[in-house]
Amino acid sequence: MTEAEILVIGGGIAGVCTAYFLARHGREVALLERGKIASEASGVNAGSITVIGWGNAPDLESHLTMGSLEMFKSLQLDQGYDIEFRQAGGLLAVHTAEQHDYAQARVHRLRSQGYAVELLSNREARCIEPEVNGEMPGYVYRPLRSQADPVKATRAFAAAAARLGAQIMEGHEVTGLRARGPGGYEVDTSQGQFRGETLVLAAGAWCGPLGRMLGLDVPIVPVRGQMWATEALPPRVHLGIGSVESAHFWSGEERQLGDGPPELTHRGGRRVTRHLYGRQRRNGEVIIGGDRQAEGFDRLVDREGIEVNRDHAAEVLPFLEGVAVRRTWAGLMPFTPDGRPVIGRLPFLENAFIVSGLASSGFGRGPMAGKLLADYVHSGHRAPVLEVGARGRRVGWGGA
């Protein structure tokens, strides 16, 4: 049996950053990942880092996004890891007059709160991204939006953790998990047993099954997201690209659609809205995604959804109409029933913590989520921003 002071389960970006900051605190950490680092959601996303600033009164979302942004910058600029980071900005297409009214009101509200966001005419938008559709009523511009290669970035954080002494254990699928006495844990894996004084669950969509091994209901819901990519093309898209359509829908009608995680594209087996995001990678691929479906742990690609997403993308970037799909893929994102992340202690157990529920923005929020959790584990004191985020949360969610 391998001994470690702290056991972290999960090799996505939140897990490796938790291990990294714990190692910076001088703690002895072993991270257990069932596959390769970044082999799940942290490695198959679009690499979007969606930020709009700290605002006048920074909340948990501001801390997660802006704090993570600074960590990505430091990883590449200060520590020398090439993660393909660039702060390119982003545009959200406005398709209808109704969406324009919604976007105008939302931009006004966000700007009054101190956030960096603008509503541009299509002419203004085409000055900074010439390929976008000039027939749209307008575009929302987010100048701070950034991007990075998700696999490279997640593995760079893992490498940085290992340089500080953390054990990064790939190919260790957890088959058993139990508390032993007051405040200690044993983990059975496919390659041996581990024992630690403190446990951290950072396994994304799989936190629910791991919680059940401990007798806990951790309602993390797996939500399937899927993407497609073109062949390598000459540089054509500099900014991150998206659409206001889904945000407009989720701000209104979706609230009447019943239980389950918020901000899904499908309810009751039918599509209720379209969602869009994408960018062009350094290797020339244009990668596009959109759908969010609560289909359990099913990761099969929905071909019909890919076609809907292609049509949506071509409305914003017309040149994509004649470009073939080279590859498709899907992954599982960890959503909570109320859409808020869970960063804190697990209930009813000593020295057990969780960082999960980062939904569709796990890559862009994971580094700071890992730091906040690591600081909490190390000091025993929860950051004030986590205190606010935990209010009203049911104990069984692990946020208390």
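Per residue, the solvent-accessible area of the chain (1.4 Å probe, heavy atoms of protein chains only, all protein chains present) comes to 41 Å².
Ordering 321-328, 359-366 by mean Cβ neighbour count within 10 Å, with the highest value first, yields 359-366, 321-328. Think of each Lys and Arg Cβ as +1 and each Asp and Glu Cβ as -1; about the Cα centre, that makes the dipole of the chain roughly 400 debye. The peptide list 126-133, 261-268, 60-67, put in order of mean Cβ contacts within 10 Å with the highest first, becomes 60-67, 261-268, 126-133. In terms of overall dimensions, the C-alpha atoms belonging to region 250-388 reach 56, 40, 27 Å along their principal axes, ordered largest to smallest. Positive contributions from Lys and Arg (+1) and negative ones from Asp and Glu (-1), summed over other residues with Cβ under 12 Å from the Cβ of D82, come out at +2. With angles folded into 0 to 90 degrees, how steeply does helix 150-163 sit against the dominant principal axis of the chain? Use alpha carbons for both and round to 10. So the helix axis and the longest Cα principal axis differ by about 30 degrees.
Between the Cα long axis of helix 303-316 and the first principal axis of the chain there is an angle of about 50°, rounded to the nearest 10. The alpha carbon convex hull volume per residue for region 285-356 rounds to 144 Å³. Considering region 1-113, its Cα convex hull presents a mean projected area of 10.2 nm².
Each peptide among 297-304, 280-287 gets the average number of other Cβ atoms lying within 10 Å of its residues, and from highest to lowest they stand as 280-287, 297-304.
Normalising by residue count, the chain has a Cα convex hull of 133 Å³ per residue.
The values are calculated or read from the model by the stated rules, or taken from the named source; none is laboratory data. What you see is a predicted model; the values in this text were computed from it and never measured. Note: ideal-geometry Cβ built from the backbone for every residue, glycine included; neighbour counts use all protein chains shown. Heavy atoms of the whole protein, side chains included, go into the accessibility calculation; ligands, DNA and RNA do not. Shrake-Rupley method; radii C 1.70, N 1.55, O 1.52, S 1.80 Å.
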